[in-house]
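One structure is given here, and the rest of the page talks about it.
The values are calculated or read from the model by the stated rules, or taken from the named source; none is laboratory data. This one's a predicted model, so the numbers in the text were calculated from it and none came from an experiment. Cβ atoms come from the backbone with ideal geometry, glycine included; neighbour counts cover every protein chain shown. Just the protein is used for accessible areas: all its heavy atoms, side chains included, with ligands, DNA and RNA removed. Shrake-Rupley method; radii C 1.70, N 1.55, O 1.52, S 1.80 Å.
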Amino acid sequence: MEALKTALQLLQQNNFKITKQRQYLLNYLYQQADFYISLAQLDQKMRLLFPNMSHDTIYRNVKEMQEIGILETKMFANGLRVKFQCDFHKREHSHFICQQCGRALEIPLPDFSAVKKSLENCQINQYHVEVWGVCSHCHKKATSKV
């Protein structure tokens, strides 16, 4: 729940009103924090609860919340997906991302000592590692159908 409080504080600090719609959007994504949710799924859920809410409003809110670091977005083969920010404290880590269900699992950063050594005359400012594949749950489902 601390992360949800932090997200609401970030909204306020960036001069956004805390509306019922924004609270619900954040709460919904927070409850599914280990998954990238398709924007279509999020849009459907939001418009079911708030029928007068437009597609543009939902997408604009996602974009704005992504820009201030509350949400993360990733492009999947079937379109853009969104998830609640996993770490507001910027702890260094990587993710394994399931290409089928969108599950995001935190994994430790690999040892970059060989990379740093091969670039010894260069200044490395940052690096980012993601591992994409199929999670054990999706893999199990796929192999049980065969």
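Of all residues in the stretch 43-94, those being under 30 Å from residue 108 (Cβ atoms) and among the aromatic types (Phe, Trp, Tyr) number 3.
Here residue 27 meets each of (1) modelled with pLDDT under 90; (2) closer than 20 Å to residue 7 by Cβ with one exception, condition (1).
Scanning the stretch 20-63 for residues that are among the aliphatic types (A, V, I, L, M) and in a helix (DSSP H, G or I) yields 25, 26, 29, 39, 40, 42, 46, 48, 49, 58, 62.
Picking from 126, 100, 66, which residue would you name as being polar (S, T, N, Q) and either within 12 Å of the chain's Cα centre (by Cα) or in a strand (DSSP E or B) (or both)? After applying the criteria, what remains is 66.
Contact annotation: residue pairs with Cβ atoms under 9 Å, 6 or more positions apart or on different chains, pairing a residue in the stretch 73-85 that is at negative phi and open to solvent by 70 Å² or more (accessible area, probe 1.4 Å) with a partner that is in a loop (DSSP other than H, G, I, E, B) and of a type in the set (S, T, N, Q), are 77/99.
Is there a residue being open to solvent by less than 30 Å² (accessible area, probe 1.4 Å), of a type in the set (Asp, Glu) and over 20 Å from residue 12 (Cα atoms) anywhere in the stretch 38-58? Checking the stretch 38-58: at least one residue is open to solvent by less than 30 Å² (accessible area, probe 1.4 Å), of a type in the set (Asp, Glu) and over 20 Å from residue 12 (Cα atoms). Of all residues in the stretch 4-32, which are within 25 Å of residue 135 (Cα to Cα) and open to solvent by 30 Å² or more (accessible area, probe 1.4 Å)? If the condition is that a residue be within 25 Å of residue 135 (Cα to Cα) and open to solvent by 30 Å² or more (accessible area, probe 1.4 Å), then 27, 30, 31, 32 are the ones that fit. Applying the condition of being in a helix (DSSP H, G or I) and open to solvent by less than 80 Å² (accessible area, probe 1.4 Å) to the stretch 132-146 and asking which residue is nearest to residue 96 (Cα to Cα) yields 138. The residues of the stretch 87-131 that are of a type in the set (A, V, I, L, M, F, W, C) and either out of contact with any strand residue (DSSP E or B) (no Cβ under 6 Å at 6 or more places or on another chain) or open to solvent by 90 Å² or more (accessible area, probe 1.4 Å) (or both), listed by number, are 88, 98, 101, 112, 114, 115, 119, 122, 124.
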